[in-house]
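None of the figures in this text is laboratory data; all of them are computed from the coordinates on show. Bear in mind the structure is a predicted one, so any value in this text is a computation, not a measurement. Note: ideal-geometry Cβ built from the backbone for every residue, glycine included; neighbour counts use all protein chains shown.
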Amino acid sequence: MEKQVYKKTLGVLPNTVSGFCPGCMHSTVHKLIGEVAEDLGYLDKLVRVEGVGCCGLGQLYVSHDSTIAAHGRGCAVATGIKRCTPESLVYTYQGDGDLASIGMAETILAANRGENFTVIFVNNCIYGMTGGQMAPTTLIGMKSTTTPKGRNPEEHGYPIHMCEVLNQLTAPYYLERVSCDTPQHVIATRKAIKKAFQYQLEGKGFSMVEIVTSCPTNWGLTPIAALDFLRDKMFAEFPLGVIRDKGAVK
Amino acid sequence: MSERVFMKGCEAIAEAATRAGCRFFAGYPITPQNEIPEYFARRMPEVGGVFVQGESEVASVNMLYGAASTGTRAMSSSSSCGISLYSEGVSYMNAARIPAVYVNVQRGGPGIGAIQPAQQDYLQATKASGNGGFRMLVLAPATVQECVDMTYRAFDLAAKYQNPVLVLTDGVMGTMMEPVELPPMKSDEELAELKAAYHYRAVVGHPLGEAVFCRPGGIGGGWEEINKETVKMYETWDSEVEYEEFMMDDAEIVLAAYGISARISRYVVKALRKEGIKAGMIRPIKVSPFPYEAFDKLDFDRVKGILNVEMSIPAQMKWDIEYAVHGRCPIAESLRSGGELLTNDQVLAAARALAKEVL
């Protein structure tokens, strides 16, 4: 007797092939979001507010209600949607330039109001679709098309740590930083997304799951070398773990 | 039964919106429209609605985008330099065909300008409220009663065309008190019906296979086809042209004005008539679409001159008048700007001078 042990989540469109670059983790994250919402029985109430750039490519793959926010405005658009339909399960899907640069004000103030939605923050330290410009999270010394000699802190400042920035606020309920570089980390990311969604369904307020990922194309590395860079350099700057969990059992 | 009360323009706008079914308001403080968000902050909880003080105009208009995309009747308001920051969200709402209402209580400009009243956002409001060359219906009230009626109507127009609608008023109207008749409160049942009618486009509550992808452009293409469809909508707007003709039957001098300037012009027309000058007024009630026909159809054997009255230097509505008149009679100006108000005397003097020159 055969037993089905795995099936593609209904949270992404059937018969689609991911068009993300080799080694990119966006497709994994999309799959995890779909799986978690399906587990919770909430695919018909799931609303996606997606950012622009590579995050906006998700519109080709997701099967649930969704809209595109202007660059940086994900948390403002999600505020409007969630406040008008509290029964929806709302998440924003944003990259580092979107969330931490142009959308810094919207992100911090939504978190500070304790808006009851979930932010999925995909941090790969670079602007992807526009061709590899410096992001607010770009590491010191890291080359980008707008820092051809590497990010120089005297001129460009330092990487912003969004989980830690939001951890200065009183309202946010749950902040965790994860990655998708190993099966173990993928499972941890799935758990983190599930926890954030559950907190939202319980009305606990603002949650953010930061997923530290690679961008082999714009880093100029092979997918395998990009994973090494991720573990050696990115995790050193952005350590994985729970930054805040107000619902943790003590 | 309608209800007669004495209200300030900004508060009357907020109450009219509430009665039209507005259940979400986001806005950021800016003078001279602060009474609108303040009124909503008190009023929304009473009717089960939502008030959010946005962290900026940019955030507020994007909250509006989100709220209205659920099929909830939603509104925002700001003033001039704040409205410039609305460009992004308003353009997105046109692109995604999201019905929403916003109000510009105009103040002096450009830049910070002045907190006092002006009409310096005409071209922005009517021609380019954001990137992409889209169009909107723009209502221009000239009394507090019209602020009420037009705000109330704006929600139906937004729903009808699934496009943002702008109520373009100014700091005089916003801060002035007048007696008004308030329209009836839409019932929860009516609002539920309106929401249900929009559900097929709303970004919430669909089972798999029926999901709504609310797209203000983006990846996937086909946007030119959508632009062509939108043009077809604009082409139906001939029926939306709205203007008032005041004492125009035998007019030889025509004052052209909207909003607060039209109130002053109305007085001036009457004063000129007493002096034996046959004056009249054309007042656009909607400034977009502009009532070109009102000027195009004039008998230029009789009409000898037009006076464009606007609280804007340089003149802005004059472009539209010139386009319609096409050199068939001289167009003079009576203008103020930067928060300085037009007076009856100034406009009267300008009209007399024009009459002396052309009659």
- Cα long-axis angle, helix B:35-46 against chain B (0 to 90 degrees, to the nearest 10): 40
- Task: Take the alpha-carbon centre of region B:342-359, take the same for region A:49-97, and report the distance between them in whole Å.
- Result: 56
- Item | For region A:32-189, the Rg and Dmax computed from alpha carbons only, in angstrom | 16.0, 50
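Compute the relative contact order of region B:124-246 as a whole-number percentage, counting only Cα pairs closer than 8 Å that sit 6 or more residues apart in sequence. Display every interim value, and only then the final one.
Values: 79 pairs, mean separation 23.0, N = 123.
About 19 percent, as a whole number.
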- Message: Could you identify which residue out of B:Glu293, B:Glu190, B:Glu225 has the top mean-square fluctuation in a GNM of chain B using Cα springs shorter than 10 Å?
- Response: B:Glu225
- Item | Which listed pairs, of A:Lys82/B:Lys186; A:Lys8/B:Lys195; A:Lys3/A:Lys246; A:Lys82/A:Lys143; B:Lys127/B:Lys304; A:Lys8/A:Lys204, have C-alpha distances above 32 Å, in listed order | A:Lys8/B:Lys195; A:Lys3/A:Lys246; A:Lys82/A:Lys143
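How high is the relative contact order of chain A, in percent, with contacts defined as C-alpha pairs under 8 Å that are six or more residues apart?
On the way: 493 pairs, mean separation 47.2, N = 250.
Contact order relative to length: 19 percent.
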- Note on the structure: The rounded separation in angstrom of the Cα centers of region B:76-106 and region B:1-58 is 16
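Please give me the summed charge of the neighbours of A:Leu40: other residues whose Cβ is under 14 Å from its Cβ, Lys and Arg +1, Asp and Glu -1.
Residues near A:Leu40 contribute -1 overall.
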- Distance in nm between pseudo-label sites at B:Glu181 and B:Ile219 (7 Å out along the Cβ direction from Cα): 5.6
- Message: Check which residues have an amide H placed less than 5 Å from B:Ala332's amide H, if you skip close sequence neighbours.
- Response: B:Ile306, B:Leu307, B:Asn308
- Inter-centroid distance (Cα atoms) of region A:104-176 relative to region B:218-271, Å: 46
- Message: Give the aspartates and glutamates reachable from A:Lys45 as a straight Cα distance under 17 Å; neighbours fewer than 8 places away on the same chain don't count.
- Response: A:Glu35, A:Asp65, A:Glu87, A:Glu202, B:Glu210
- Before anything else, pin down the relative contact order of region B:3-239: Cα pairs under 8 Å, at least 6 apart, normalised by residue count, whole percent. 25
- Query: For B:Lys160 and B:Asp188 in one chain, what is 0.36 nm times their gap in residues minus the Cα-Cα distance, to one decimal in nm?
  - Reply: 8.1 nm
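When every alpha-carbon pair in region A:122-179 is counted, what percent end up more than 13 Å apart?
62
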- Message: With N set to the number of residues, divide the alpha-carbon radius of gyration of the protein assembly as shown by 2.2 N^0.38 Å and report two decimals.
- Response: 1.09
- Cα radius of gyration and Dmax for chain B (Å): 20.8, 72
- Message: Taking a virtual spin label 7 Å from the Cα of B:Trp319 along the C-beta vector, which residues in region B:276-304 bring their backbone nitrogen under 14 Å of it?
- Response: B:288, B:290
- Query: Semi-axes of the equivalent ellipsoid of region A:37-95: what are they in whole Å, largest first, if each equals the square root of 5 times a C-alpha gyration tensor eigenvalue?
  - Reply: 18, 15, 7
- Message: Place a point 7 Å from Cα of B:Lys270 in the direction of its Cβ. Which residues in region B:216-248 have their backbone N less than 19 Å from it?
- Response: B:244-248
- Listing A:Thr222, A:Thr189, B:Thr18 by rising number of other beta-carbon atoms within 10 angstrom, fewest first, gives A:Thr222, B:Thr18, A:Thr189
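Determine by what factor the alpha-carbon radius of gyration of region B:223-354 differs from 2.2 N^0.38 Å, reporting the quotient.
Values: Rg = 15.9 Å, N = 132, 2.2 N^0.38 = 14.1 Å.
In units of the globular-protein estimate, region B:223-354 measures up at 1.13.
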- Message: Can you give me the angle between helix B:260-274 and the longest principal axis of chain B, using Cα atoms only, in degrees from 0 to 90, rounded to the nearest 10?
- Response: 30
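Report, in debye and to the nearest 20, how large the dipole of region A:116-234 comes out about its Cα centre when Lys and Arg carry +1 and Asp and Glu carry -1 on their Cβ. Walk me through the numbers before you get to the answer.
Details: 11 positive and 9 negative charges, 48 e Å.
In total the dipole reaches around 240 debye.
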